[in-house]
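> Just passing along the structure, written as structure tokens.
The values are calculated or read from the model by the stated rules, or taken from the named source; none is laboratory data. Values in this document were obtained by computation on a predicted structure and should not be read as measured data. Here the Cβ positions follow ideal geometry from the backbone for every residue, glycine too, while neighbour counts run over all protein chains shown. Accessible surface areas use protein heavy atoms only, side chains included; no ligands, DNA or RNA. Shrake-Rupley method; radii C 1.70, N 1.55, O 1.52, S 1.80 Å.
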Amino acid sequence: AVPAQADRSLRYEYSGPEKGVGAEQHWTSSAGRGHTKILSSDPATGIRFESAFLSDEINSDGSLSYAAEGEKTRVTWQGTGKVVPVVGALFISQIEAGTSDFYRHALGQLKQLVEEGGPTTAPLPPEGADQQAPEAATPSM
């Protein structure tokens, strides 16, 4: 799968609070549209979220959790979702491969950002502004 920042048509909009529970990220691109909303947020353990991909209905949920392990931190990104009957079953292996590539890429960027001493929170766009996909992804919520 191609990392999200390679899709030059990708656009983000944000709504709700700037961060934490209720914060939402909406996106559109030539491949489709969707949104993600934070359901719970705990600075000590992580976040839970729900998403809608190519639909208005929630069809995915997940979490980003972390735990100290000595001097390191283990980050776990989990997600589950529903696929469209028949068509989804035909493409499940491609969906799983694309999702795995996305997670691997995003977690690698998070690791690099932390190791380089970068920001611990992503900069927010001006209120009400559309935002084009960044050249290098940073954690957005």
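> For region 1-38, which residues satisfy the criterion of being open to solvent by 60 Å² or more (accessible area, probe 1.4 Å), at pLDDT 90 or above and part of a strand (DSSP E or B)?
Passing the criteria: Glu13, Tyr14, His26, Lys37.
> May I pose another question? When only residues in region 60-87 that are closer than 16 Å to Lys37 by Cβ and at pLDDT 85 or above count, which is most open to solvent (accessible area, probe 1.4 Å)? Working first, answer last.
Taking region 60-87 first, the residues closer than 16 Å to Lys37 by Cβ are 60-64, 79-81.
Still in the list and also at pLDDT 85 or above: 60-64.
Working: Ser60: 23, Asp61: 77, Gly62: 13, Ser63: 22, Leu64: 42 Å².
Checked region 60-87; the qualifying residue most open to solvent (accessible area, probe 1.4 Å) is Asp61.
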